[in-house]
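Visitor: Before I ask anything, here is the structure I am working with.
The values are calculated or read from the model by the stated rules, or taken from the named source; none is laboratory data. Because the structure is a prediction, the values reported are computed rather than measured. Cβ: placed from backbone, ideal geometry, glycine included. Neighbour counts: every protein chain shown.
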2 protein chains.
Amino acid sequence: MDKGTIYMIPTTLGGESTSDIIPEDVKAQTIGLRHFIVENIKSARRYLRKIDRTFPIDESTFFILNKKTEPSELNSFMSPLYDGHNIGVISDAGCPGVADPGAAIVSLAHSTGIRVHPMVGPSSILLALMGSGFSGQKFTFHGYLPKERRDRISALKYYEGDTRKTGTTHLFMDTPFRNMNVLDDLLNNLADPTMICIACDISLPTQDIRTMSAKDWRDKAYDLAKRPAMFAIGIGQ
Amino acid sequence: MDKGTIYMIPTTLGGESTSDIIPEDVKAQTIGLRHFIVENIKSARRYLRKIDRTFPIDESTFFILNKKTEPSELNSFMSPLYDGHNIGVISDAGCPGVADPGAAIVSLAHSTGIRVHPMVGPSSILLALMGSGFSGQKFTFHGYLPKERRDRISALKYYEGDTRKTGTTHLFMDTPFRNMNVLDDLLNNLADPTMICIACDISLPTQDIRTMSAKDWRDKAYDLAKRPAMFAIGIGQ
């Protein structure tokens, strides 16, 4: 019997609509699956019902893969694949395997000869980069900034210096409740001409993507608290 | 009159189908536009006709933005926006503004108060990352490798060392006719346990994404010549 394939299934970035962010065939493929490895079972079920109101949740299997999952559990998550079933991996938001625990299952799949099929959907990293006007020839995503202010400032100053030296675009984020701290640190520590992009509420109706110098941001800063945001430092192309 | 918005329009990565890689609303938005800034006029027209066989090419305006475009020309490309028209930016393949000249127009837009709306579509960088099993918490895309073998090898060895030290995933590519040189350089210069992902023909029916150690790749290397490929060095999660 052929082994199943792992489908990496993107979901929304918090918005209600899927028709602007998920291709039709990706939805169709997703609806055909009955085995899932999910970061958050509530949001995964809500997403499945969103793309198909009649989706048979109760006939489906959900394994939970989050930060608390023991590596020893992963093997058992793979068992449907050996029975020839496909499995969908669903993250809490956006593309699985990028900044969530989903990569662990992909890694295991490769080591055991299971095919992995990544599907197209919204990535706040990529959408912010496309919308920034900064170089996409070379860029680094750093994930979450350090929690300690001193470490965060030194990271931001390193990104600024490296951008100036190499032209690399640096993307980073933080939990929404710390966004205003990040903004403070950017505006108080970066040089006037340094270009900063803030991409807020990406893919939502309230989306706001702006690139300005640190100097201009000081005049035009707005309230980012509780809104998901991606930050970038780069050189306007 | 309100100024127009710039829509960043993703296209296929060389495949024929769009239903698996372009959301319905992105197609609908694209079809409604009559002004475009495109990297390659032939492929842009072909794409528009693919998503709408009756698309009025002859009633549409196309500005060409490629490596040969003079920066002084960019201002004139923006004129429809000031007349209230939206403009679509279309790259040769995949997401505009990421590894193509499209970012220049976005940068200009930000400096003149024009809104930029990035739309969801296929990115070989992101799909390779999702399919690799490597860390997406921190990753760098390096674009094209250096042409000179000596420089290329030293870049690859730098990526290998940095991955080992920091866990960062390094993604890079080359023109398809040099893929076998890249593969040679990887297999002849990296340590046995170093993990390499090669994502070939991403989003095409012939897609092949595999992650193995350098040691295993030496036994299982296959012909990558003339096939678009994304390479990555990382640590399996």
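Visitor: Which members of region A:61-78 meet the condition of being assigned to a loop (DSSP other than H, G, I, E, B) and over 23 Å from the mean Cα position of the chain (by Cα)? Working first, answer last.
Guide: Looking only at region A:61-78, we keep the residues that are assigned to a loop (DSSP other than H, G, I, E, B), and these are A:65-70, A:78.
Residue satisfying the conditions is A:Met78 alone.
Visitor: Would you call B:Lys3 of a type outside the set (A, V, I, L, M, F, W, C), assigned to a loop (DSSP other than H, G, I, E, B) and surrounded by fewer than 20 Cβ atoms within 10 Å (Cβ to Cβ)?
Guide: Numbers: of a type outside the set (A, V, I, L, M, F, W, C): yes; assigned to a loop (DSSP other than H, G, I, E, B): yes; surrounded by fewer than 20 Cβ atoms within 10 Å (Cβ to Cβ): yes.
The answer is yes for B:Lys3.
Visitor: Let me ask another. Those residues that are within 20 Å of B:Thr12 (Cα to Cα), among the hydrophobic types (A, V, I, L, M, F, W, C) and at the interface with chain A (Cβ under 7 Å from one of its Cβ atoms), I need them from region B:102-140; list them, please. Reasoning before the result, please.
Guide: Filtering region B:102-140 down to residues within 20 Å of B:Thr12 (Cα to Cα) leaves B:102-103, B:117-131.
From what is left, the residues that are among the hydrophobic types (A, V, I, L, M, F, W, C) are B:103, B:119-120, B:125-130.
Selection gives B:Ala103, B:Val120, B:Leu126, B:Leu127, B:Leu129, B:Met130.
Visitor: Among the candidates B:Arg53, B:Arg49, B:Arg45, which residue alone is in a loop (DSSP other than H, G, I, E, B), charged (D, E, K, R) and under 28 Å from B:Ser17 (Cβ atoms)? It would help to see each step written out before you state the result.
Guide: Working: B:Arg49 fails: in a loop (DSSP other than H, G, I, E, B); B:Arg45 fails: in a loop (DSSP other than H, G, I, E, B).
None of the other options fit; the residue is B:Arg53.
Visitor: Check off (1) buried (at least 16 other Cβ atoms within 10 Å of the Cβ); (2) in contact with a strand residue (DSSP E or B) (Cβ under 7 Å, 6 or more places away or on another chain); (3) in contact (Cβ under 8 Å) with a residue 40 or more places away in the chain; (4) not aliphatic (A, V, I, L, M) for A:Phe63 and give me the number that stays unchecked.
Guide: (3)
Visitor: Follow-up. Collect the residues in region A:79-92 that are surrounded by 12 or more Cβ atoms within 10 Å (Cβ to Cβ), assigned to a loop (DSSP other than H, G, I, E, B), out of contact with any His (no Cβ under 6 Å at 6 or more places or on another chain) and away from chain B (no Cβ under 13 Å), keeping them in residue-number order. So that I can check it myself, show each step before the final result.
Guide: Filtering region A:79-92 down to residues surrounded by 12 or more Cβ atoms within 10 Å (Cβ to Cβ) leaves A:79-82, A:85-92.
Keeping just the survivors that are assigned to a loop (DSSP other than H, G, I, E, B) gives A:85-86, A:91-92.
This time we only want the ones that are out of contact with any His (no Cβ under 6 Å at 6 or more places or on another chain), so: A:86, A:91-92.
Selection gives A:Asn86, A:Asp92.
Visitor: Same structure again: Residue check: is B:Pro146 more than 23 Å from A:Thr112 (Cα to Cα) and at the interface with another protein chain (Cβ under 10 Å from one of its Cβ atoms)? Write out each step before concluding.
Guide: Details: more than 23 Å from A:Thr112 (Cα to Cα): yes; at the interface with another protein chain (Cβ under 10 Å from one of its Cβ atoms): no.
No.
Visitor: How many residues are under 18 Å from A:Cys95 (Cβ atoms) and at pLDDT 95 or above if we restrict to region B:96-136?
Guide: Within region B:96-136, residues that are under 18 Å from A:Cys95 (Cβ atoms) and at pLDDT 95 or above number 17.
Visitor: Could I ask something else about it? Taking region A:195-229, which residues are among the hydroxyl-bearing types (Ser, Thr, Tyr) and within 14 Å of another protein chain (Cβ to nearest Cβ)?
Guide: A:Ser203, A:Thr206, A:Thr211, A:Ser213
Visitor: Which residue out of B:Asp216, B:Asp223 is more than 30 Å from A:Gly133 (Cα to Cα) and at pLDDT 95 or above? Explain how you work it out, then say what you get.
Guide: Details: B:Asp223 fails: at pLDDT 95 or above.
Going through B:Asp216, B:Asp223 in turn, just one is more than 30 Å from A:Gly133 (Cα to Cα) and at pLDDT 95 or above: B:Asp216.
Visitor: Next question. Exactly one of (1) surrounded by 15 or more Cβ atoms within 10 Å (Cβ to Cβ); (2) of a type in the set (Gly, Ala, Ser); (3) more than 8 Å from chain A (Cβ to nearest Cβ) is unmet by B:Ser76. Its number?
Guide: That leaves (1) as the condition not met.
Visitor: Would you check if B:Leu204 is out of contact with any strand residue (DSSP E or B) (no Cβ under 6 Å at 6 or more places or on another chain), outside any loop (DSSP other than H, G, I, E, B) and closer than 30 Å to B:Tyr7 by Cβ? Spell out how you get there, then give the answer.
Guide: Numbers: out of contact with any strand residue (DSSP E or B) (no Cβ under 6 Å at 6 or more places or on another chain): yes; outside any loop (DSSP other than H, G, I, E, B): no; closer than 30 Å to B:Tyr7 by Cβ: yes.
No: the conditions fail for B:Leu204.
Visitor: It is to be established whether one or more residues within region A:213-224 are assigned to a loop (DSSP other than H, G, I, E, B) and either closer than 21 Å to B:Gly102 by Cβ or among the polar types (S, T, N, Q) (or both). Walk me through it before giving the result.
Guide: At the first step, the residues of region A:213-224 found to be assigned to a loop (DSSP other than H, G, I, E, B) are A:221-224.
Restricting the remaining residues to those that are either closer than 21 Å to B:Gly102 by Cβ or among the polar types (S, T, N, Q) (or both) gives none.
No: zero hits.
Visitor: Is it the case that some residue within region A:106-127 is in contact with a helix residue (DSSP H, G or I) (Cβ under 7 Å, 6 or more places away or on another chain) and among the polar types (S, T, N, Q)?
Guide: Yes, region A:106-127 contains a residue that is in contact with a helix residue (DSSP H, G or I) (Cβ under 7 Å, 6 or more places away or on another chain) and among the polar types (S, T, N, Q).
Visitor: Let me ask something else about it. Residues being of a type in the set (A, V, I, L, M, F, W, C), surrounded by 18 or more Cβ atoms within 10 Å (Cβ to Cβ) and more than 18 Å from B:Ala109 (Cβ to Cβ): count how many of those fall in region B:28-50.
Guide: Let us first name the residues in region B:28-50 that are of a type in the set (A, V, I, L, M, F, W, C), namely B:28, B:31, B:33, B:36-38, B:41, B:44, B:48.
Narrowing further to those that are surrounded by 18 or more Cβ atoms within 10 Å (Cβ to Cβ): B:33, B:36-38, B:44, B:48.
If we keep only those that are more than 18 Å from B:Ala109 (Cβ to Cβ) as well, we get B:44, B:48.
Qualifying residue count, region B:28-50: 2.
Visitor: Same structure, new question: So which of B:Asp52, B:Asp92 ends up being closer than 28 Å to A:Ile196 by Cα, in contact with a helix residue (DSSP H, G or I) (Cβ under 7 Å, 6 or more places away or on another chain) and of a type in the set (D, E, K, R)? Step through it out loud before you land on a result.
Guide: Working: B:Asp52 fails: closer than 28 Å to A:Ile196 by Cα.
Testing whether each residue is closer than 28 Å to A:Ile196 by Cα, in contact with a helix residue (DSSP H, G or I) (Cβ under 7 Å, 6 or more places away or on another chain) and of a type in the set (D, E, K, R) leaves just B:Asp92.
Visitor: Which residue out of B:Arg150, B:Arg115 is closer than 23 Å to A:Thr166 by Cα and either aliphatic (A, V, I, L, M) or more than 20 Å from the chain's Cα centre (by Cα) (or both)? Step through it out loud before you land on a result.
Guide: On the way: B:Arg115 fails: closer than 23 Å to A:Thr166 by Cα.
Answer to the selection: B:Arg150.
Visitor: Six or more apart or on different chains, Cβ under 7 Å: which pairs go from a residue in region A:30-55 that's under 16 Å from A:Lys67 (Cα atoms) to one that's in a helix (DSSP H, G or I)? Could you list them?
Guide: Hits for this filter: A:Ile37/A:Phe77; A:Ile37/A:Ile105; A:Val38/A:Ala44.
For (1) on the phi < 0 side of the Ramachandran plot; (2) not basic (Lys, Arg), each residue gets a yes or a no:
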{"position": "A:Asp2", "(1), (2)": "yes, yes"}
{"position": "A:Gly15", "(1), (2)": "yes, yes"}
{"position": "A:Ile21", "(1), (2)": "yes, yes"}
{"position": "A:Arg45", "(1), (2)": "yes, no"}
{"position": "A:Glu59", "(1), (2)": "yes, yes"}
{"position": "A:Asn66", "(1), (2)": "yes, yes"}
{"position": "A:Ser79", "(1), (2)": "yes, yes"}
{"position": "A:Gly97", "(1), (2)": "no, yes"}
{"position": "A:Ile105", "(1), (2)": "yes, yes"}
